[in-house]
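Everything on this sheet refers to the single structure shown next.
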Amino acid sequence: MSASTKLSTAVKALCFIAEDDNSPKTSAVISRQIGVNASKLRMLLSMLTKASIVASAKGIKGGFVLNKDPNQIHLQEIYCSIEDRKAFHLDVQKFSGHHLSIPVQINNYFLDLFADIQVDIEEKMTKISLQSIIDKLEK
């Protein structure tokens, strides 16, 4: 699952969890509601639980609830909790030898560029709360 798909799926799930009376919602109910494979959703919910964004309760009335106010949950926090690599990733091998200096320089250029872009992306995501997304959806 790509980074953008994982982030979108996580946000859809969190928006649904935040709906209504904030009663616990099972992964099966969430997956049906947002149209996502239940096993992939459970993987994301597990990561969100580890990051303390959601809490899970076991038992017949169990399920997932937000662990904090939607105003306090930002896209950057969600993104970092579910992503094991950055949005812009360059898989480079370290080359040695004089005849390969241009590929190494180009790789280094893109590694630096992607690092800068990643900082910009994450900085922008810190300014977007889950609540602001919910508010836009309700309009």
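The residues of the chain present an accessible area of 64 Å² per residue when probed at 1.4 Å with all protein chains retained.
The value of relative contact order for the chain, using C-alpha pairs under 8 Å at least six residues apart, is 27 percent. Of the cross-linked pairs 58/139; 61/127; 61/139; 61/124; 50/136, those separated by over 29 Å at the C-alpha level are 58/139; 61/127; 61/139; 61/124.
Residue separation of residue 49 and residue 138 scaled by 0.36 nm, minus their Cα-Cα distance, works out to 29.5 nm of gained length. Taking amide H atoms as placed 1.01 Å from N in the peptide plane, the amide H of residue 54 lies under 5 Å from those of 49, 67, each 5 or more residues away in sequence or on another chain.
Would you kindly give the portion of the calculated P(r) for the chain that falls above 17 Å, as a percent of all Cα pairs? I get 64 percent for the Cα pairs in the chain exceeding 17 Å. The local environment of residue 24, defined by Cβ-Cβ distances under 13 Å, has a net charge of 0 under the rule Lys, Arg +1 and Asp, Glu -1.
The values are calculated or read from the model by the stated rules, or taken from the named source; none is laboratory data. It should be emphasised that the depicted structure is a prediction, and the values quoted were computed from it without experimental measurement. A quick note on method: Cβ atoms are made from the backbone with ideal geometry, for glycine too, and the neighbour counts reach across all protein chains shown. Ligands, DNA and RNA are excluded from the accessible area calculation, which covers all protein heavy atoms including side chains. Shrake-Rupley method; radii C 1.70, N 1.55, O 1.52, S 1.80 Å.
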